[in-house]
Each structure stands twice: as C-alpha cells, then as structure tokens.
Amino acid sequence: MSNLLDRINDPGQIAELSLEQRVSLAAEIRERIIGVICNTGGHLASSLGVVELTIALLTIYDPATDRIVWDVGHQTYPWKLLTGRRELFHTIRQSGGLSGFPRRDESRFDVFGTGHSSTSISAALGFAGARDLAGGDEKVVAVIGDGSMTAGLALEGLNNAGALQTDITIILNDNEMSISKNVGALSKHLNKLLSDPTYNKFKDGVWKALGKVPSLGDRMRIAAHEVSSAIKKTIVTPASIFEEFGVNYFGPIPGHDLAALTGVLDRVKKIPGPVLVHVITKKGKGYSPAESQPVSHHGISGAAVKTPGNKFTGSFSEALLVAAERDPTVVAVTAAMPDGTGLSAFAEKYPSRFFDVGIAEQHAVTFACGLAFGGMKPVVAIYSSFMQRAYDQVIHDAALQNAPVLFAMDRAGVVGADGPTHHGIYDISMFLAIPGLSLAAPRDCTVLKRMISTVLGDLSGPTGIRYPRGLEPELRFDSPEAFPRGTGQVVREGSRILLIAVGSMVATAVGAAEILKSKGIDVMVFDPVWLKPAPVEMIRDLAVGRSVVTLEEGTLRGGFGQYIASLLPEWRVLNLGIPDEFVAHGSTREIIADLKLDQTGVSDSIEEYVRIHCESC
Ligand SMILES: Cc1ncc(C[n+]2csc(CCOP(=O)(O)OP(=O)(O)O)c2C)c(N)n1
C-alpha cells in the first residue's frame, strides 16, 4: 500500500488527490485506526464507519474556514488523523495524549468540543447565526448520528433550523445503531426512507453518476435553488419528516462510496437554507469483528489496557432482577444504554417492563415520574455524567412532586480515558442541592445490592444511588443487612481523626488510615452511606474530640464535605475531593493519584493538616 496517509500534513492536500488515491487513503486510515485502537482501546466501530465521510468532507469543505461540527465526537479518529494529529494518534485517550473527542484546545479544526450527544445542530446553527451577522460566507456543517438525532436537543436544533432558514448542512450519519440498535419512531422513519425505491437507485449508480458529472454550478452561474431542483430532478427524494421541518432532504446516499458522497456534498454545498443529507454507513466498516458485533466494538478496551470489568454494574443488574422478581411493579428505563448500565438481563427477562427511550435522558426522567405516579416503581439507570442533562427534570418533575423513582447512577467518579465530558463528578453537588431527594453512595457491591433491595422495598420519594465504574475494592467489610436512610457505619476505629469517606473512597480511607497509623496518627473511618439525608447525629457524636476530614470522588464545591463542614460550624473540617477545575483524561489510577485521592495522597494531606493545625489533637 502506498503511504499516502503519512504524507497528509495539511487537510487541504486531500482535495488534490484523485478519487483512486482517496479510496486508498480510506484503506490506510482504517488500517491505522484498527492497529492503534485495538491496542490502546477507544471508540472503534463508529470511527471506522465515517472514514469515507470524513475524506469527502475534507475534499469539499475547507476546515480552516468552514465549520465542521461533530456530534458526540467519538467518531473523529479519521478527522484527527487527517487534521494534523496523525503523529500523536497513538497517544489517544492516554494521559497527556490526544483526547478521544474533539476539543477546541487540541486543534483549530475542532471547532466545537463534545462528548455528550446531540449538540451538533444547535452549535452549528449558532456558527451560522454568527456568520450571518458578521456577513461571512463560510459553510457550516453538523455531522450527527441517527442515535444522537433521537435526543430532544437535536430536535430542538432541527426545529430552529427550519425556522431560521439560514445556510447549514446537516449530515445524518445513519448506521441504524446507537450504541445498541437504535430505537424509536424516528429510527423507523429512517428505515422507511431506506426502503424507498429511491435508495435502490444508488445501486444503479445514479448517485455515483451524479458524482462524476461536472457540477452545474461549475458550468454556469445559476441560482442556487436551481441546483437543488436539478438534483431533485435527477433523484426523486422520498418524503421525509425533515422536509416537514422546513429542511431540504437529500438521500439516502451510500456512505462508503466516495464518488457518490463527494458528488452530492459538492452540489448540496450550493443549496441555500437548511439541508439534510442522509448518509448510510456501516458501523465498524472494514473490520469484520466490529461489523458483525458493533455493540461490543462501539468502545473497546484494547490489548495494552487491562480491563477490570464492571463489577458494580453487574451487581446492580443482579439486584434489580431479584427486586423485579419480588415486585411486579419494578420497571426499568434506559436512555439508549441497556448494556452499559447493566439492564440487558432485565430487558431480556421482562421485556414489557423495560423501556429504552433512545438518547433522551430528560424524557427518561420525566417518563419515569409518570410511571411512578401511575403505580410503578421505576428504576432509571443513567450514567452520572449523562444525568447532568436531566437535571431540571430531576428537580421539576421528580423532586418537586416527590415522585418515587430510583436513579441508578453508574460511572460515578473519575472514569479515566473518556475524560472531562464523562467523569461523573458533579452528581453529589447536583443532588445535594435538591430538597426532598435522597442520595446514597455504596462502598462496595455488597452494600450496593442491599441498598437496591432496601430502597425498592420502600421507595417513598426520589432517590439516587451513585456507584463507580470498575471493580470493587479488595478490602472486605462487615456490612449490616440494611442501611435505613440517614444511617452510616464506622468501618475503622480510631481516636484522633474522624475521616468521613464517601462510597468509592471508603477503602482508600482505610488504606490511608493504615499508613497514618504507622506515623502515629490514629484515624477513625466513617462511611455515611447516605449523603442525603446524612447521618448527621452520628457524625456530630463521632466528631467530638476528633479532627474531621471528609473524602469524596466528587467536586469539593457544593460537595458532601462542604455540606458536613456547614453542619459543624464549630469544627475545622478538612475537605478532600476534586478541586474547581476540569479533570483531564488518562488512566483512572493516574488521575486519582494526580488529584491526591489515592491512599498515599490522602494520608499525605492528612499528615500535613495534622502538622499545621493539630498540635494538640
Ligand atoms: C447525552 C449522552 N447520552 C449518552 C451518551 C452515550 N453515547 C455515546 S455514543 C452513543 C450512541 C450514538 O449513536 P449515533 O449518534 O448513532 O452514533 P454511532 O455511534 O452509531 O456512530 C451514546 C448513547 C452520550 N455520549 N451522550
């Protein structure tokens, strides 16, 4: 294979390549991505699906001036390879290396940072609005997947695009998959468009022919709308929901056919107003294990990375099945993540009690409130960081009306390679601020299982349970059968310091206490289990005669530690947690060590604190 990829130092070079060279380039990009990501881990299948689309975009648009806005951004590995980051590609998702998502501070070609889904249309529309006000003529493109299109935010953007009628191109990358199979009415509509006889025309080479015929605009200066109708005369596009939104629809286009793609993009570029190009791709394209198993290849861990497995997720899954067996009103809701959240087993066993609502966290929460008031016991399983999107619903629909809903928040705490968009470090401060909402943080899988059982046995109001990614700590604790709201447990006795540690930090606290013991500092470790209502009286009693330290894998600002400090105004309290800055990507172990939240970091901080403040304590 000729080495084209290694000669692309500027994305502007791509438009100068012949079609044959671009086809070879696509093969090289796939080879590079598969080689690196199978080793380091990352979002493999989605990136493999957009290789031709990325090349076509860089052929038709100028990323130095035009604005290409990617949705989610997990599919931007080809983009990174072609926009000046090829030599760093092997560092992707590692500490100090490239981010796994677009970042404005990583490259001038990443015009909008992302990681959470469905932001691209809104952001692109904003770029278009700014361009119009400034009198510019750059092109603006949003690239969004069919899964991400199901979110309210994307539909809000589409609605506004139809109203504003400004020039913007939305590329709908339809691979029929979210992380799992895409679901919902929109997905069915897209499938219907696919089965329209129009789509079969591409088999007859019509789109391809369009790619080879010189563009009408190249031959003469004609009104842009004539270009549009010229394309529409060539292909009768099927009736789509997008037209009803006031957005001109073109498609479906075969997304791995470079000639067809570039031909259509070239023409569509000249059409005024909002345009949607429906591109059909295959997730995992070019790597047969990913093509045949796109769900397990959405994100892979990589040969060089040890996969700890998600023990907490598995325990949640088991506990929920037990509760569901006991109580037929237990129902489960996911926002497009049945596998990641551990709900697949529930879905299989109780299909009628399982709801995958698509990437729609806001809807998931409000829907669950309706289910609750209708007599069900809903368990809404959403990762901590994605719960951020549904914050208003948690307040307005769940807490304000005291809806009995259990929020199961997996991936709470630092998540590692996915980085700042995905760290689950805001849920404590978010949830603590809401009146009437309970929040628990089990320290291990035994406590998690017992909490699920206890909470679902007596679900009287909105309740969150947060638990981390990965394995449970090796340390074994004796745990009571149940933790009624507002009770915690002393897990290590000690006379001088009261170290109040939250969930994942309990085992770390015990380890730090052992280190401190060897330095003559005797530490009691208390697990509050419930962050709200917190075991306030227990904490007040235990604090007598001890210096108080809090420890959490969450933000210090508005976190549990600050809450405890506010309860003990007469005490000086040391709060350990995540400072007021975004936490970068890297291995979880490295990040936790950098934050001084590992055993050594915690014991060092406490030792220092004792040295400065506790001469007599
Ligand atoms: C708000 C939000 N919820 C959930 C996720 C997790 N997530 C990442 S990618 C993805 C599926 C996206 O599907 P699609 O847009 O079709 O892209 P594909 O991976 O199929 O290319 C999901 C659910 C997310 N990134 N953001």
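Per the conditions (1) of a type in the set (Gly, Ala, Ser); (2) more than 16 Å from the ligand (Cβ to nearest atom); (3) buried (at least 18 other Cβ atoms within 10 Å of the Cβ), the sole criterion not satisfied by Gly424 is (2).
Restricting region 237-278 to residues that are in a helix (DSSP H, G or I) and either outside the structural domain of Asn173 (by TED's automatic domain parsing) or free of Cβ contacts under 8 Å to residues at least 60 places away in the same chain (or both), which is surrounded by the fewest Cβ atoms within 10 Å (Cβ to Cβ)? Checked region 237-278; the qualifying residue surrounded by the fewest Cβ atoms within 10 Å (Cβ to Cβ) is Glu244.
Within region 30-86, being outside any helix (DSSP H, G or I) and away from the ligand (no atom under 14 Å from the Cβ) holds for Gly41, Tyr61, Asp62, Pro63, Ala64, Thr65, Asp66, Arg67, Ile68, Thr83, Gly84, Arg85. Just one of the numbered conditions (1) surrounded by 19 or more Cβ atoms within 10 Å (Cβ to Cβ); (2) in a loop (DSSP other than H, G, I, E, B); (3) not assigned by TED's automatic domain parsing to the domain that holds Pro404 is not true of Pro442: (3). For region 540-564, a residue qualifies if it is part of a helix (DSSP H, G or I), surrounded by 17 or more Cβ atoms within 10 Å (Cβ to Cβ) and not β-branched (Val, Ile, Thr), and the qualifying residues are Leu542, Ala543, Phe560, Gly561, Gln562, Tyr563.
Could you tell me which residue of region 451-488 is surrounded by the most Cβ atoms within 10 Å (Cβ to Cβ), considering only residues that are among the hydroxyl-bearing types (Ser, Thr, Tyr) and closer than 22 Å to Ala324 by Cβ?
Taking region 451-488 as the starting set, the residues that turn out to be among the hydroxyl-bearing types (Ser, Thr, Tyr) are 453-454, 460, 463, 467, 479, 487.
Going one step further and asking which of them are closer than 22 Å to Ala324 by Cβ, we end up with 453-454, 460, 463, 467.
On the way: Ser453: 16, Thr454: 17, Ser460: 10, Thr463: 24, Tyr467: 32.
Selected residue: Tyr467.
For region 506-517, does any single residue satisfy the condition of being part of a loop (DSSP other than H, G, I, E, B) and either of a type outside the set (Lys, Arg) or closer than 27 Å to Ser95 by Cα (or both)? Steps first, answer last, please.
Filtering region 506-517 for residues part of a loop (DSSP other than H, G, I, E, B) gives none.
Checked against the condition, which is being part of a loop (DSSP other than H, G, I, E, B) and either of a type outside the set (Lys, Arg) or closer than 27 Å to Ser95 by Cα (or both), region 506-517 yields no hits at all.
Would you confirm whether or not region 300-311 contains a residue that is crowded, with 24+ Cβ neighbours inside 10 Å and either modelled with pLDDT under 95 or not in a helix (DSSP H, G or I) (or both)?
Here is the first cut: in region 300-311, the residues crowded, with 24+ Cβ neighbours inside 10 Å are none.
Within region 300-311, none of the residues are crowded, with 24+ Cβ neighbours inside 10 Å and either modelled with pLDDT under 95 or not in a helix (DSSP H, G or I) (or both).
I'd like the full set of residues that are within 13 Å of the ligand (Cβ to nearest atom) and without any contact (Cβ under 8 Å) to a residue 60 or more places away in the chain, limited to region 123-152. Before the answer, list the steps.
Step one: list which residues in region 123-152 are within 13 Å of the ligand (Cβ to nearest atom), which gives 142-152.
Residues satisfying the conditions are Asp146, Met149.
Of the helices (runs of 4 or more DSSP H) contained entirely in region 337-405, those carrying at least 1 residues that are free of Cβ contacts under 8 Å to residues at least 12 places away in the same chain fall at 344-349, 361-373.
Of (1) of a type outside the set (Lys, Arg); (2) touching a helix residue (DSSP H, G or I) at 6+ places or on another chain (Cβ under 7 Å); (3) within 15 Å of the ligand (Cβ to nearest atom), Ser178 satisfies all except one. Which? Answer for Ser178: the failing condition is (2).
Within the option set Glu361, Glu348, being over 20 Å from Ser453 (Cα atoms), acidic (Asp, Glu), modelled with pLDDT of 95 or more and within 16 Å of the ligand (Cβ to nearest atom) holds for one residue only, Glu361.
The values are calculated or read from the model by the stated rules, or taken from the named source; none is laboratory data. Model, not experiment: these values are computed from the prediction. Counting neighbours? That spans all protein chains shown, and the Cβs are built from the backbone with ideal geometry, glycine included.
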